[in-house]
1. Can you figure out the FRET efficiency of residue 210 with residue 20, using R₀ = 35 Å and their beta-carbon distance, to the nearest 0.05?
2. Considering Cα pairs under 8 angstrom that are at least six residues apart, work out the relative contact order of the chain and quote it in whole percent.
3. How much of the DSSP bridge set in the chain is antiparallel, in percent, rounded to the nearest 5?
4. I want to check the label-to-label distance for residue 160 and residue 101. Put each point 7 Å from Cα in the C-beta direction and report it in nm to one decimal.
5. Once you sort the root eigenvalues of the Cα gyration tensor of the stretch 57-131 as a ≥ b ≥ c, which label holds: rounded (a/c under 1.5), prolate (a/b larger than b/c) or oblate (the other case)?
6. Can you match volume of the Cα convex hull per residue in Å³ to one of these, [x] 165; [y] 137; [z] 174, based on a calculation from the structure here?
7. Could you work out how far apart the two model spin labels at residue 332 and residue 10 are, taking each label as a point 7 Å from the Cα in the direction of the beta carbon, and quote it in nm?
8. Subtracting the Cα-Cα distance from 0.36 nm times the residue separation, let me have the gained length for residue 61 to residue 198 in nm, one decimal.
């Protein structure tokens, strides 16, 4: 749009209100006219006008053209990007003709990895994905809470493999890896809702956010949780390569894992409850957790243990680092 900034005078509108006009061409772009309801949103030093009917009227379609020899991973990555950007309909067109094997693979991956998909259909060398429209209320922090709960369960179960016979670990490890999809789906949904709120497609009240400054914080926290899920998944994967572990070593690692798990839960709770004191308590635990990691590493050296178990300890340290990140985000947002 040309000339996106104009100067208008504030006018009196009755005894207790002020009014300002907006250019007609802007109203046409937004699809509003006289008599339509709008949301007024106070954004610190600015006021935004958001069409109330936009949530119901907008329909964004994205077309993804699949190039010859393109892999399913590349196609799925582009579908996920379209979903995150807010597309309601995603059409995947295979330019190299009908490749049934690739179409079937992409369809399966979409059904597993992309959330709130209403329908998936394909025919004539094309996949059409229809995404559910946002409901009147989708509290974004409830999705963050769910991510945290799933990650905590994954991490606890992954560490518990250390005391199991190596032959019995596979089924539990696979279940943990499957749960990582749930974490990823919640992250994508949060990212999508934040993009839609930033672009004015939905009102921040519909995702139960009081201030727009919280949107970036929610995205950063959910990203830390998504990364934590990845490391929990890796712990389970590496445990499949670990043989029987000395009891003292296993108990010491489990103790460290419990400390980090509690730290992670406290960090997320501090963010969700806007509790800056609890967030500071998480940060104050840094030296204690670092010392516990040093103790575990020394014990591994003492027993001559190397390889996958060291990678497990590294991932435990990464979860602690993400907990500190979440605590710092809480302080930066709410202090």
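Quick note: the coordinates plus some simple rules give every number you see, no bench work behind them. All values derive from a computational prediction rather than experimental measurement. Here the Cβ positions follow ideal geometry from the backbone for every residue, glycine too, while neighbour counts run over all protein chains shown.
1. 0.90
2. With pairs under 8 Å counted, the relative contact order is 15 percent.
3. Antiparallel bridges: around 75 percent, rounded to the nearest 5.
4. Placing both labels 7 Å along Cα→Cβ, they lie 4.0 nm apart.
5. Judged from the Cα gyration tensor, the stretch 57-131 comes out prolate (a/c at least 1.5, a/b above b/c).
6. Evaluating volume of the Cα convex hull per residue in Å³ on these atoms matches [z].
7. 3.3
8. Additional length available on full extension: 47.5 nm.
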